[in-house]
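Below you'll find the structure, written out as structure tokens, and then a few comments.
Taken together, the values in this text are just the output of simple stated rules run on the coordinates, not laboratory data. For clarity, every value in this text was computed on a predicted model and none was experimentally measured. Because the Cβ atoms are built from the backbone with ideal geometry, glycine has one as well, and the counts that use them run over all protein chains shown.
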Amino acid sequence: MAAITFDARKLTGPLNELVKVQIPETSRLALNEALFATQKRLKDEANKIFDNPGPTPFTLNSFKYDKGKIEDKRVVGRAYVRDDAPGGNAPSRYLNPQIRGGPAYQTRFSRRLMHHTAVVQIDGRRTTAQQPGTMMSPSASKKVRRNRYGNMSQGQYTQILTALSGGASSADLLVNGDVMASQRDQSYTYLDELALDHPYFKNRLSSYGQKPGIYKIERTANSNPRGPRRLTRFYRVMTERSIKTYQPKFRFFEISEETVTKEFVQRFQRRILR
């Protein structure tokens, strides 16, 4: 947290008694205007810094400020990043590596994969659907359903967790030469490096495969009467990678300090000296 202090006497010079009485309220109004300008600049900077995909409205609207109030002859206010998100990821946490640097934030989705999934691999090994020290990111596959902001849709995240949480997935063990089928035509599974080396997958992975991650399973009718009734294909929709470490690139504290300082001084002097 960065703190900025202003001394009204240094900003104005000699004042009469009437103007001195007006200083607290004038300071409060000037600070509110400065904080509003800071919020706008933070949003503008986020739009420039975060691209491919760009920031969502939820992220942009996470830049908040508390209006100035008078406490013990001082006027105080603050600019901050929202630190709560019922049912989601708090912006203050997932933006922190971009502001201060450090490892990428592990989202609720990642934590669920690591602690609440149990996927049986094709050779009978039981594992969680994400390994410690890794993170999942959507792949470039056309099987990734994206929202208007370029991110994987929330509905697909939910479907993946539903398929993988609390037990074996619908593609876990070989049964009569094929992966055990579910009653649904489409589902998801997690494949690690050892599973990908199994001969079963060599001819069933899509061209976009061969990396550990979460795969979408699609079963289609086989037009060849001599072959199996259904064909099974696996499409990687999420790729497992080492956790990314960020260098600070979003100048939250610097922008806040620069903007509040400039805007407050200008607006205070304009109000008090007019």
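Descriptive notes on the structure:
- Amide H to amide H distances under 5 Å link Asn222 with Arg230, Leu231, where only residues 5 or more positions off or on other chains count and H is placed in the peptide plane.
- If the chain linking Asn147 and Arg251 were pulled fully straight, counting 0.36 nm for each residue of separation and taking away their Cα-Cα distance, it would gain 34.7 nm.
- Glu193-Ala221 FRET efficiency (beta carbon distance; Förster radius 35 Å; 0.05 resolution): 0.65
- Chain lengthening between Gln154 and Thr128 when straightened (0.36 nm per residue, less Cα-Cα): 7.3 nm
- Separation in nanometres of the label points that stand 7 Å from Cα toward Cβ, at Arg100 and Asp66: 1.9 nm
- Order of Ile160, Ile255 under a 10 Å beta carbon neighbour criterion, fewest first: Ile255, Ile160
- Ranked list, fewest to most other Cβ atoms within 10 Å of each Cβ, for Thr134, Thr189, Thr162: Thr162, Thr134, Thr189
- Computed FRET value (nearest 0.05) for Lys40 with Ser206, which takes r as the C-beta separation and R₀ as 41 Å: 0.35
- Annotation: amide H-H contacts under 5 Å for Tyr246 (H modelled 1.01 Å from N, sequence separation of 5 or more, or interchain): Gly102, Ala104.
- Cβ-based exposure ranking for Arg236, Arg28, Arg125, in which fewest neighbours within 10 Å come first: Arg125, Arg28, Arg236
- The simple spin-label model puts a point 7 Å past each Cα toward its Cβ; for Ser165 and Arg271 those points are separated by 4.8 nm.
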